[in-house]
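Quick notes on the structure that follows.
The values are calculated or read from the model by the stated rules, or taken from the named source; none is laboratory data. All values derive from a computational prediction rather than experimental measurement. Using ideal geometry, Cβ is built from the backbone for each residue, glycine included, and neighbour counts are taken over all protein chains shown. Side chains included, ligands, DNA and RNA excluded: accessible areas come from the protein's heavy atoms. Shrake-Rupley method; radii C 1.70, N 1.55, O 1.52, S 1.80 Å.
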Amino acid sequence: SLDWSYDQNRGIWAIKIDPQNTDIVYTATTHGVYKSTDAGETWVQVLDVPMANDLVIHPDNTDLIVAGVGNLGSPNRGIYRSTDGGMNWTELTQNITQDFQGKIQLNYAPSQPDILYASIGNGFTFNDGASWLCRSTDFGANWTVVNQEDYSRWQGWFAHDIDVSADDPDQLVVVGITAWRTTDGGQTLGEEAEGGIGPRSPDPG
């Protein structure tokens with residue numbers, strides 16, 4: 001059961017339902033990834049790595065799952081991939097930074113779901129901001145860092161995300177403290193909006 005009490009200091013960050021079988025549900029939690037095969041009545045832990053923040057299921061091949069794991073400097077943080085419905089997982093290290101302290105958010109292109117993006121954040125303060133926008137064309141088996149514009153800034157542990165156009169896999173918006181848009185798969189980012197203390201405002205130190 002995932003009926004955790006407040007005193008246990010546990011939480012659920014994402015719930016994803018298998019699009020081909022609604023009895024199969026995955027959840028990303030502070031204590032790893034759990035899977036249910038009976039629509040949430042019972043749960044089994046399938047990835048025992050702390051601070052799982054997000055996961056995606058390939059809509060056409062639902063045995064393919066990618067999880068973004070880690071936050072607040074937790075151990076073994078990174079991107080993990082399963083090809084057998086969560087039974088086994090592989091941590092992906094090629095071109096994925098190991099130095100981030102924040103969280104990972106994931107999203108795929110609805111029109112071409114093999115194209116997957118990861119937003120990796122770092123910052124807790126004004127002095128340790130960093131962001132990595134990563135792209136995969138094989139649903140997470142291989143990755144490329146396409147941009148390091150620091151859109152998450154000091155909120156890399158909490159407030160950043162990606163949204164991909166329904167029609168064009170190269171058009172997406174990445175948001176954090178500031179919002180940016182790209183039409184070339186992340187190679188170039190154009191700032192759309194500022195939030196909090198924006199990039200052109202004085203750094204309060």
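Things to note:
- Total residues in region 121-149, condition touching a residue at least 40 places away in the same chain (Cβ under 8 Å) and acidic (Asp, Glu): 1
- Residue in region 91-105 that is aliphatic (A, V, I, L, M) and open to solvent by 60 Å² or more (accessible area, probe 1.4 Å) present: no
- Residue match in region 21-40 (condition: in contact (Cβ under 8 Å) with a residue 60 or more places away in the chain, within 26 Å of Asp168 (Cα to Cα) and not β-branched (Val, Ile, Thr)): no
- Just one of the listed residues (Thr90, Thr125) is of a type in the set (Val, Ile, Thr) and out of contact with any Ser or Thr (no Cβ under 9 Å at 6 or more places or on another chain), namely Thr125.
- Some residue of region 47-65 being among the β-branched types (Val, Ile, Thr) and in a loop (DSSP other than H, G, I, E, B): yes
- The number of residues in region 6-41 that are open to solvent by less than 80 Å² (accessible area, probe 1.4 Å), polar (S, T, N, Q) and farther than 28 Å from Gln101 by Cβ comes to 2.
- Among the numbered conditions (1) in contact with a Ser or Thr (Cβ under 9 Å, 6 or more places away or on another chain); (2) open to solvent by 30 Å² or more (accessible area, probe 1.4 Å); (3) at pLDDT 95 or above, the only one that Asp163 does not meet is (1).
- Test: residue in region 135-150 that is under 15 Å from the mean Cα position of the chain (by Cα), of a type in the set (Ser, Thr, Tyr) and open to solvent by less than 30 Å² (accessible area, probe 1.4 Å): yes
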